[in-house]
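Let me begin by presenting the structure, written as structure tokens, before commenting on it.
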Amino acid sequence: MLCCACNYHTPKDEYLQNHLPKILNLERSEIEAFKKNMFFDSLGRLTSWNSDLLEKAYTTDEEYTTILTHLIGELGGKPDRIIVVDHDNNEKILYPSFYDKEKCSYPLLEVQGWDALFYITSTNCGACITGYQAMNELAAKHNDKKLKFIALFDKIDNIDNYKKGLLHQENGFLSPTWLLLQNNDLVHYLTTQYQDSLGVPHIFFRKKGNEIGPLFKSTELNLIDGFITTNYGE
């Protein structure tokens, strides 16, 4: 009778593959050490991990902060500021941030306080591309108000390739009125209404540190226009 050898994957292996793939780039002994410190709650959320090895795997501050934000957010925390303490009791403060194309950071804590229209969009979305000029007209009409216009892209680095193509020639792009930021999976800390399953494009608003109003489809221009006039008219 022949035996067939199979690769057996534990829940910890599956979690690493799906959520912390860079841990798997470490040495085998380090991966096993990391797994020994992994503990989950009854909902399958990771509640304990080796911070030193996590930081070794996610080498830049941006990567490390992003992955910690995910882990803390998964547990229901509000990671607008993360304090990491090492074995020598030294503190390191990390600020989850959005980034523009030049890698300038805009901390979540700061963005949460903006009076702004947030436009969730993508250069891989046909409805987004054909709607850019309408978004520009909307921003130009209300540019006199104390309102920022923020476009949150799934992959901001794709913008350069988009501008080289025919679709850009036909439909244009967002005007300089718009601040273009990488989503960085932080949009959920700006609006509780949006879920990835909804897709793009969508628009939501914040004012005086709070989310206000409904989640709009970008095609609901009359409703969006009226909402701006009513809520940011002073």
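The values are calculated or read from the model by the stated rules, or taken from the named source; none is laboratory data. Bear in mind the structure is a predicted one, so any value in this text is a computation, not a measurement. Note: ideal-geometry Cβ built from the backbone for every residue, glycine included; neighbour counts use all protein chains shown. Just so you know, the surface numbers come from the protein's heavy atoms only, side chains and all, with ligands and any DNA or RNA stripped out. Shrake-Rupley method; radii C 1.70, N 1.55, O 1.52, S 1.80 Å.
Based on a Kirkwood Rh over C-alpha pairs, give the Stokes-Einstein translational diffusion coefficient of segment 1-130 at 37 °C and viscosity 0.692 mPa s in µm²/s.
Result for D is 188 µm²/s.
Counting only residues 5 or more places away or on other chains, whose amide H sits under 5 Å from the amide H of PHE40 once H atoms are built in the peptide plane?
Here THR47 satisfy the definition.
Once the mean 1/r over all distinct Cα pairs of segment 114-234 is inverted, what Kirkwood radius in angstroms do you read off?
Evaluated over segment 114-234, this radius sits at 14.6 Å.
Measuring from a point 7 Å past the Cα of TYR162 along Cα-to-C-beta, which residues in segment 80-114 have an amide N at less than 14 Å?
Output list for this probe position: 101.
Given segment 169-211, what whole percent of its Cα pairs are spread farther than 12 Å?
73
For the chain, what proportion of DSSP beta bridges, expressed in % and rounded to the nearest 5, is antiparallel?
Given both bridge residues lie in the chain, the antiparallel proportion sits at roughly 65 percent.
Using a 1.4 angstrom probe, figure out how much accessible area the chain has per residue, in square angstrom, rounded to the nearest whole.
Accessible area per residue, the chain: 57 Å².
Please tell me the relative contact order of segment 1-126 in percent, rounded to the nearest whole number, where contacts are Cα pairs under 8 Å and at least six residues apart.
Relative contact order for segment 1-126 comes out at 13 percent.
So, by mean Cβ neighbours within 10 angstrom, what's the order for 66-74, 206-214 with the highest one leading?
Order by mean packing, descending: 66-74, 206-214.
Any idea what the relative contact order of the chain is, in percent, if you count C-alpha pairs under 8 Å spaced at least 6 apart?
The normalised contact order for the chain reaches 16 percent.
Mind ranking 169-175, 86-92 by how tightly packed they are, going by the mean number of other C-beta atoms within 10 angstrom, highest first?
Those peptides, ordered most packed to least, come out 169-175, 86-92.
Averaging sequence separations of C-alpha pairs under 8 Å and six or more residues apart, then dividing by the length of segment 66-198, give the relative contact order as a whole percent.
So the answer I get is 25 percent.
In Å, what Kirkwood hydrodynamic radius results for the chain from the alpha-carbon pair distances?
20.1
With +1 on each Lys and Arg Cβ and -1 on each Asp and Glu Cβ, how big is the dipole of segment 71-190 about its Cα centre, in debye rounded to the nearest 20?
Taking the Cα centre of segment 71-190 as origin, the dipole is about 380 debye.
At 0.36 nm per residue, minus the direct Cα-Cα distance, what do GLU211 and PHE40 gain on full extension? Give it in nm, one decimal, please.
Gain in length upon complete extension: 58.4 nm.
Share of segment 107-234's accessible area from carbon and sulfur, percent, 1.4 Å?
The C+S portion of the solvent-accessible surface of segment 107-234 is 50 percent.
Between LYS148 and residues 5 or more places away or on another chain, which pairs have amide H atoms under 5 Å apart, with H built 1.01 Å from N, and which residues are they?
Placed amide hydrogens put ASP115, ALA116, LEU117 under 5 Å from LYS148.
At 0.36 nm per residue, minus the direct Cα-Cα distance, what do GLU32 and SER51 gain on full extension? Give it in nm, one decimal, please.
This chain segment gains 5.4 nm when fully extended.
If you average 1/r over all unlike Cα pairs in segment 62-162 and invert the result, what Kirkwood radius do you get in angstrom?
Result for segment 62-162, one decimal place: 16.0 Å.
Helix 221-231: angle to the longest alpha-carbon principal axis of the chain, degrees 0 to 90, nearest 10?
With both axes taken from Cα atoms, the answer is about 90 degrees.
Quick one: 3J(HN,Hα) in Hz for segment 109-116, Karplus 6.51/-1.76/1.60 with θ = phi - 60°, rounded, Gly and Pro as x.
Taking θ as phi minus 60°, the curve returns 4, 6, 4, 4, x, 6, 8, 7 Hz for segment 109-116.
For ILE156, what residues show an amide H to amide H distance below 5 Å, using hydrogens built from the backbone and excluding near sequence neighbours?
Residues meeting the amide H criterion: ASN183.
Give me the percent of DSSP beta bridges within segment 33-159 that run antiparallel, rounded to the nearest 5.
60
Applying the Karplus parametrisation 6.51 cos²θ - 1.76 cosθ + 1.60 with θ = phi - 60° to the phi angles of segment 73-88, what ³J(HN,Hα) value in whole Hz is obtained for each residue in order, glycine and proline being reported as x?
Per residue, the Karplus-derived 3J(HN,Hα) values read x, 4, 8, x, x, 10, x, 6, 8, 10, 9, 10, 10, 8, 5, 8 Hz.
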